[in-house]
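Here the structure is laid out as C-alpha cells; the discussion comes afterwards.
The values are calculated or read from the model by the stated rules, or taken from the named source; none is laboratory data. Keep in mind the model is a prediction, meaning the values are calculated, not measured. Here the Cβ is made from the backbone with ideal geometry for all residues, glycine too, and neighbour counts use every protein chain on show. Side chains are part of the model used for accessible areas, which takes the heavy atoms of the whole protein and leaves out ligands, DNA and RNA. Shrake-Rupley method; radii C 1.70, N 1.55, O 1.52, S 1.80 Å.
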Amino acid sequence: MDVIKEAEFRKEIKSAPRTGYLFFGDEDYLKSFSVKLARETLCPDPSFSFFNDIRLDAVGFEPDKLVEALMPMPMMEERKLVTLTGLNFNTMRQSELDGLCDALSTLSEYDYNTLIVVAAADCLTPGILPKRPSQVLTKLSEFLTPVQFDRCSTPKLAAWVQKHFAHNGVEASPAFCVAFPEYCGHSMYVLASEIDKLSYYVLSHERSTVTETDMRLVSTPASEYDAFAFTNAIMEGKSEAALAILADYRFRRIDPLIVLGDVSRVICDMLAVSALCDDGLPNAQISSILKLHEFKVGLYRKSIASSDPARLSRALDACLDADRLLKLSPTGYAPLEQLICTL
C-alpha cells in the first residue's frame, strides 16, 4: 500500500497532483490546512470556484452525487478539485462502502479531477501500519492515495507555535514554545485558538513578548494524559491509574512502541535529574545541562523525591524487556500491561 505523508502531498499538489487522495490520521488541523493549500493551488481564481471547487458533505450524500461532481470538465484550469468530508468509515455499512468504491472507480475516466476524501481522526481506523492496514483502508487505497496525518513531534510543534505567535506580532522564546504544548495539549486546533487568545491578551497590555506567567493566567491547561503522568502512575505502583491511561492511549490508537519510547525517555530523564540532584545542582543548572524545560525538571525532581533510584533502574530494565517483546513478536499492548503490573 502506497501511504504518503503530509509533506509529500504538499509537494505533489504543487507539481503533479494525483486523481484521488484519502486524508486520515490523528491531526485534523493539518488536514484542513492541506485542503486549503490544494484549493489555493488548483482553484486560484475565485471567479471560477463554482465550477472548479466542488465541496461535498456526508449529510445527504449518495455515491451518484460524487459521480455527478466528477463528470464536468474544469473551467479555465487544467484540473478541478472535489472534496468530500464528514463520512464516518467506522460506522459505514458494507453496502455503503461498496457503493462509494463503485463511484471512486470512475476517477480514471475523469482524470482531470483531484478528489480529496477527508476522514476525521476518529472516523477511520487505519489498523497497524504499515504491516496490517485495516480492511477499509485497504479497500479505499485501491482508488485513492492514502495520506497519513500524524500528531507533530515536539520540536516541529514548537517551531509551529513560534511561527503562529510571530504571525500575530508576538515574540515567544524557544523554551516557551516547548512548554506551551505541554501545558495546553498537543491538538493543533486547540493550540491555534490558545495562541490567538494569548496573543490578544499580550498585545492588549501593550507588550510584544509572551511569558509563562501570561500562559498560566490566560491559557486553559490540557486535560489529556501524557507520558509523565503514565510513568508516574507506574513508578508509584498505581496500577489502576496506569491501566486507565493505557486504555486512553489504546483508544487514541497510539502505537505501543511510541508509548514505550516516551516512557523510557521519561525514566532516563528522571535518572539523569536524580544523579544531578545528588550532586546538589539547582533546577536551572540541571535544565541547562539536560536541555529540559525548568518546569519539567521541577516535576521530575518532585517525583523522584518519593521514589527509590534503584526502582527507576529496574523500571528501565523492564522497559528494555518490553521493547524486545514488542519488536520480536508484536502483541499489541500486552507488554505494556505486563510492565505496569510487574513493577
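Report the normalised scattering of the chain as log10 I(q)/I(0) at q = 0.15 Å⁻¹, calculated by the Debye formula with identical scatterers on the alpha carbons.
-1.26
Once you have the Cα-Cα distance between A159 and R216, take 0.36 nm times their residue separation minus that, and quote the gain in nm to one decimal.
This chain segment gains 18.5 nm when fully extended.
Determine which residues of segment 147-173 fall in the zone a paramagnetic label at R18 would reach in this model, i.e. backbone nitrogen under 19 Å from the point 7 Å along Cα→Cβ.
In segment 147-173, the label zone of R18 (backbone N under 19 Å from the point 7 Å along Cα→Cβ) covers 147-150.
Quick one: how many Å² of H293 are accessible to a 1.4 Å probe, rounded to 10?
Its heavy atoms expose roughly 40 Å² to the probe.
For the peptides 124-134, 172-182, 89-99, what is the packing order when you average, over each peptide's residues, the other Cβ atoms within 10 Å and list the highest mean first?
Final packing ranking: 172-182, 124-134, 89-99.
In vacuum, with every alpha carbon of segment 261-328 counted as one equal point scatterer, what does the Debye formula give for log10 I(q)/I(0) at q = 0.19, 0.20, 0.27 Å⁻¹? Two decimals, please.
Debye output, listed in q order: -0.72, -0.77, -1.17.
Among the lysines, select those whose C-alpha is under 27 Å from the C-alpha of K80, and discard any that sit fewer than 8 residues away in the same chain.
The reachable lysines, counting only those whose Cα sits under 27 Å from K80, are K5, K11, K14, K31, K36, K65, K139.
Given the C-alpha atoms of segment 16-57, compute the convex hull and give its volume per residue in Å³.
98
Which is farthest toward the positive dipole end of the chain among S141, A284, Y333, measuring Cα position about the Cα centre, with Cβ charges +1 (Lys, Arg) and -1 (Asp, Glu)?
The listed residue farthest towards the positive side: A284.
Name the residues of segment 309-324 whose amide N is less than 19 Å from a point 7 angstrom out from the Cα of I128 along the C-beta direction?
319-324
Highest mean first, what order results for 57-63, 196-202, 322-328 on Cβ atoms within 10 Å?
Packing order, densest peptide first, comes out as 196-202, 322-328, 57-63.
Any idea how far apart H167 and R55 come out in nm if each label point goes 7 Å out from Cα toward Cβ?
Using points 7 Å along Cα→Cβ, the separation is 1.8 nm.
What helices does the chain hold that run 24 Å or longer along their axis, going by alpha-carbon atoms, with a Kyte-Doolittle average of 0.5 or more, using DSSP H for the helix calls?
For the chain, where a helix must reach 24 Å along its axis and average at least 0.5, the hits are 256-278.
Please work out the FRET efficiency for the pair Q285 and S307, using the Cβ-Cβ distance as r and a Förster radius of 22 Å; give the result to the nearest 0.05.
That pair, Q285 with S307, gives E of 0.55.
Taking a cut-off of 29 Å between Cα atoms, list the lysines near K296, but don't count ones fewer than 8 places away on the same chain.
Within the straight-line cut-off, K296 pairs with K156, K163, K197, K238.
Please work out the FRET efficiency for the pair D317 and F48, using the Cβ-Cβ distance as r and a Förster radius of 51 Å; give the result to the nearest 0.05.
Efficiency, rounded to the nearest 0.05: 0.20.
Which FRET efficiency value, to the nearest 0.05, do you get for D278 and D150 by plugging their Cβ-Cβ distance into 1/(1 + (r/R0)^6) with R0 = 35 Å?
The pair D278/D150 has a calculated efficiency of 0.40.
For n ≥ 4 DSSP H runs only, could you compute -39500 (n - 2.57) per run for the chain, divide by its residues and tell me the 222 nm figure to the nearest 500?
Value at 222 nm, helices only: -17500 deg cm²/dmol.
Could you give the size of the charge dipole of the chain about its Cα centre, using +1 on the Cβ of each K and R and -1 on the Cβ of each D and E, expressed in debye and rounded to the nearest 20?
The calculation lands at about 540 debye.
Any chance you could look up the accessible area of K11 with a 1.4 Å probe, heavy atoms only, rounded to 10 Å²?
The accessible area of K11 comes to roughly 150 Å².
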